[in-house]
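All remarks here apply to the structure that follows.
The values are calculated or read from the model by the stated rules, or taken from the named source; none is laboratory data. Nothing here was measured: the structure is a model prediction, and the numbers come from that model. Backbone-built Cβ (ideal geometry, glycine too); neighbour counts: all protein chains shown.
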Amino acid sequence: MTEPNTRAAVAAARRLVVKVGSSALTTAHDGLDADRLDTLVDGIAGRVSRDSQVVLVSSGAIGAGIAPLGLRARPRDLVTQQAAASVGQLSLAHAYSESFRRHGLRVGQVLLTADDVVRRAHYRNAQRTLSRLLMLGVVPVINENDTVATEEIRFGDNDRLAALVAHLVGADALILLSDVDALYDGDPRQGATRRISEVTAESELAGLRVGKSSSGLGTGGMLSKVSAASTAAAAGIPVLLAAAAHAEDALGAAEVGTAFQAAKSRLSARRFWLGYAAGPVGRLHLDDGAVAAVVRRRRSLLAAGITGVEGEFEAGDVVDLVDPAEQLVARGVVAFDAVELPSLIGYSSRDLAPEQRREVVHADDLVPLR
């Protein structure tokens, strides 16, 4: 898929996810910016009027709560962030409801924690709820549930959440909107940088100097957007990264920003969940032969190719597979408890007892990662 085709796919998407960051909706002193929010809603409403279904992933709850609470800046401690989100979420939801009402559109608020995507049962429930909302003609407005999310169950940023939601709802495209108009090969504030129009392979991102949000309001910055775009593109979803100020163009002809070319095939819901949503609870260290078998030949992982075990996990848990340089190469569902594996690693199947000869990670439960 070339750049024109990638942008055409985004422009023609029948179902798409749009993510907007805090810095595009709020200011540190005045809180929620109604004009910016209306501009975004106008662009989404225009897309809906052309028979597209849109899911909006919106940051801004904490930012919207800063001014009403008299805070000078985004709080750094978790409990104050949760308090600000509690106040700001009501303002944000009301603002979206009133703004979409101008176009005769209904919105539904959906608050998620990482648990809702990591756990398969929760994942399927969120999938059913969002699908039903879209069938009813509602625009779902999704945010991380900052009021109750703890450090252990946070997505970390809404860019990753948007990539996960895009696959969860079967989106045809993902649009990431922020305060930056495109991806550059360095910090555009420092000059002498080149705007990147399209990313066709993840290898093209090596060496790029991208950083965090400059506004102090967001948690992600360009690094999280590139990571989210790469995740979605690897799963078969074309992505457009653009400025929120250019929302109308991004949601129209998609001829702004940076396009991320999608992989030729789309991962199944289970394989996407396994590779990008599930929370790994351990690590298996592989030798070079096992890496080649798992990654290049898509074979099951056997005990003979394992050199080390980390973590406390049980059979059925998700674990990371790393190469001799400790680089992540795959993720899968392990068939043994952590306490069972040390006595098995390095042995070929014929040297093990019959009940121990099964694959450590079966090929059907394994996803190679780039």
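Values for this structure:
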item	result
Conditions (1) in contact with a strand residue (DSSP E or B) (Cβ under 9 Å, 6 or more places away or on another chain); (2) buried (at least 17 other Cβ atoms within 10 Å of the Cβ); (3) aliphatic (A, V, I, L, M); number of the one not met by A304	(1)
Total residues in segment 338-364, condition hydrophobic (A, V, I, L, M, F, W, C) and closer than 22 Å to V295 by Cβ	6
Matching residues, segment 287-323, being of a type in the set (V, I, T) and without any contact (Cβ under 8 Å) to a residue 40 or more places away in the chain	V291, T307, V309, V322
Condition broken by S49, with the remaining ones in (1) closer than 24 Å to P238 by Cβ; (2) surrounded by fewer than 17 Cβ atoms within 10 Å (Cβ to Cβ); (3) within 23 Å of the chain's Cα centre (by Cα) satisfied	(3)
Number of positions in segment 223-279 that are among the small types (G, A, S) and in a strand (DSSP E or B)	3
Helices (runs of 4 or more DSSP H) (entirely within segment 1-95) containing at least 1 residues that are in the same structural domain as L130 (by TED's automatic domain parsing) and in contact with a helix residue (DSSP H, G or I) (Cβ under 6 Å, 6 or more places away or on another chain)	34-48, 61-66
Residue ID - nearest to L369 (Cα to Cα), chosen from residues in segment 198-227 that are modelled with pLDDT under 70 and β-branched (V, I, T)	V210
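Here is a yes/no grid of residues against (1) among the hydrophobic types (A, V, I, L, M, F, W, C); (2) buried (at least 18 other Cβ atoms within 10 Å of the Cβ):
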{"residue": "R7", "(1), (2)": "no, yes"}
{"residue": "R14", "(1), (2)": "no, no"}
{"residue": "A34", "(1), (2)": "yes, no"}
{"residue": "D77", "(1), (2)": "no, no"}
{"residue": "S91", "(1), (2)": "no, yes"}
{"residue": "S97", "(1), (2)": "no, no"}
